[in-house]
Amino acid sequence: MPKSPLPRTRTPDSLRSTRWFGPADLRSFGHRSRAMQMGWSEEDWAGKPVIGILNTWSDINPCHQHFRSRVEDVKRGVLQAGGLPIELPSLALPENFMKPTTMLYRNLLAMEAEEQIRSLPVDGVVLMGGCDKTGPGLLLGALSAGVPAIFLPAGPMLRGNWNGKVLGSGSDSWKYWDELRAGKITPADWTGVEQGIARSHGTCMTMGTASTMTAIIEALGFSLPGFSSVPAPDSNHPRLSAATGRRIVEMVWEDLTPDRIATEAACRNAVAVAMAMGCSTNALIHLIALARRAGHAGFGLQDFERLSQEVPVIGNVRPSGTTYLMEDFYYAGGIRALMERIRGHLDTQALTCTGLTVGETIAGARVINDDVIRPLDNPIYREGALAVLFGNLAPEGCVIKPCAMDPRFLKHEGPALVFDDYPSMKKAVEDETLDVTPDHVMVLRNAGPQGGPGMPEWGMLPMPKALLKQGHRDMLRLSDARMSGTSYGACVLHVSPESYIGGPFCLLRTGDTVAIDVAARRIDMRVPDEELDRRRAAWTPPPARFERGYGWMFTRHIRQAHEGCDFDFLKTEFGAPVGEPAIY
């Protein structure tokens, strides 16, 4: 990678950390003496950038198991460049284990990151994340804190394997679960899938939310070029981790702060890359939150919708594709090759953490396999990965992933089958006598930001067993929940406003006709306004989900899906910027 052309504008006496270690006063005596308590000496910190490494490693986060050792590679790079590395443990947000959903805690990680950065003597930070909400959470905090920041992606795990069949994270979980329920595979087969689907450390190796968000963060300019595509077990991963440590030291001297990188043009670049990759639906929520934290208050669903009609899906990776996984994507050229291929849809003058422009970082990248990263004239889907729909069911919008569903549901009308909670829906779909047809529209409500609570990934509603046994594998499903990026099917998600707070979605009843037209970007319930008014008058708010603690605060301050699900008081425009901490 070429050397950064940016000048060094920081001097040792202007470093943030100098406020802690530099003055000849009693308080700084305390800082220095306690640093010496840890075995450090003045040579460790004097005139050197102090680099905080926010590490989301945990014994219970399988995606980040390598972070325990990988942080040593980052430290090595920081020391090589003349900095002082300090590891700062951060919330791990293990997607598989944290209930009801890690989305309930994304903003808590963002708050923790921001306050750690601001309150401690760090001049720049390395953000170690990857598992779904860790990347957005860390970067949200770093954007608000304002010191130079660079992101280290965990990287996808190796392909799964069962009886010689390649397995993809999540996608094959849903697939083989339905086959088990339909009686097509045995419990022993299911155990084999369970044992073979996750073979190494790293994030989901389908184009799930983790791979989507690490690619988006790289497209925003916060990772070294190509890093987001590198598999976690690959030897390039520790090398790039050390390079990340070296680069953050230089970013401090250059005073390359997040506001110089996360421009509106960079946010649009991230949307274009997401659309081309066949991204997770969760990209909307996280990128809207990130853009608005970066000061772009008008950034929203309209930006996704515009680019979804301009940028086709060329990343042939499951679940949008049918065969390939992230390991194949890496071998085919990775994110740099994909970005080079959609160069015409990018602002190539946007600055990145390298000190170079996007155009300079992708120059020379080439596609090795045209079936994995398709040419623009041979995409796997002619429009972008996502479509934003509006209508009387979702006046503030909802989202569907047309490239990963049965196309016959792109325009559809059918009777609603409504469930107000997950347990009743789960019980009903296992009933083989359930009165349901493939034309029905399955509906789950009270699963949004407040109703879930935390907007769990419940939106890929399980197919009714009766339909599975008839050979059906998709139907139109509708909810105010999210779904895993590894999921697929005709699932309409993120209905906003959510039903729990009285959005029109709460007025839908079983038997009402639901009509969807993806080409027209519409979703409606065919119910007369007068009837909706009667239902509105009879509606009563559900009881509060929390009466104390973090959950109580969450429900009072969380914004809706179309606003990025940030807390209202964390919005950049909520108040004046927070200054440097007083040191006395």
DSSP-defined antiparallel bridges as percent of all bridges, the chain, nearest 5: 40
Overall form of region 228-286 per C-alpha gyration tensor (a/c, 1.5; a/b vs b/c): oblate
Surface accessible to a 1.4 Å probe, per residue, for the residues of the chain, Å²: 38
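Kindly provide the helix-only [θ] at 222 nm of the chain, computed as the sum of -39,500 (n - 2.57) over DSSP H runs of four or more divided by all residues, to the nearest 500 deg cm²/dmol? Present the calculation step by step, with values, prior to reporting the outcome.
Working: 21 runs with 201 residues, N = 584.
So the calculated ellipticity at 222 nm is -10000 deg cm²/dmol.
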Spatially proximal aspartates and glutamates relative to residue 184 (Cα-Cα < 15 Å; intrachain offsets below 8 disregarded): 172
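Stretch residue 42-residue 510 to full length: gain in nm at 0.36 nm per residue minus the Cα-Cα span? List each step's numbers first, then the result.
Numbers: separation 468, 0.36 × 468 = 168.48 nm, distance 7.10 nm.
Gain on stretching residue 42 to residue 510: 161.4 nm.
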Computed lengthening from residue 163 to residue 24, 0.36 nm per intervening residue step minus Cα-Cα distance: 43.2 nm
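Need one word for region 443-584: rounded, prolate or oblate. Basis is the Cα gyration tensor (sqrt eigenvalues a ≥ b ≥ c); a/c below 1.5 gives rounded, then a/b vs b/c decides.
It comes out prolate by the Cα gyration axes.
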Across 75/165; 75/175; 165/469; 401/571; 401/426; 75/571, pairs whose alpha-carbon gap is larger than 30 Å: 75/165; 75/175; 75/571
Helix axis angle, 26-37 relative to the chain longest principal axis, alpha carbon, degrees: 80
Convex hull volume of the chain per residue (C-alpha atoms, cubic angstrom): 151
Cβ-based charge dipole, the chain, positive-most Cα from 493, 330, 409: 330
Cysteines having no other Cys beta carbon under 4.7 Å from their own, within the chain: 204, 267, 279, 353, 398, 403, 491, 506, 565
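Considering only protein heavy atoms, with the full assembly of protein chains and a 1.4 angstrom probe, order 411, 426 by accessible area, largest first. Intermediate values should be presented prior to the final figure.
Numbers: 411 150, 426 120 Å².
Accessible-area ranking of 411, 426, largest first: 411, 426.
With +1 on the Cβ of every Lys and Arg and -1 on the Cβ of every Asp and Glu, and nothing else charged, how large is the dipole of region 1-78 about its Cα centre, in debye rounded to the nearest 20? Each step should come with its number before you reach the end.
Working: 13 positive and 8 negative charges, 50 e Å.
The calculation lands at about 240 debye.
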Gyration tensor verdict on region 516-559 (Cα atoms; rounded if a/c is under 1.5, prolate if a/b is larger than b/c, oblate otherwise): oblate
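The values are calculated or read from the model by the stated rules, or taken from the named source; none is laboratory data. Because the structure is predicted, anything quoted here is derived from the model rather than measured. Using ideal geometry, Cβ is built from the backbone for each residue, glycine included, and neighbour counts are taken over all protein chains shown. For accessibility, only protein heavy atoms count, side chains too; no ligands or nucleic acids. Shrake-Rupley method; radii C 1.70, N 1.55, O 1.52, S 1.80 Å.
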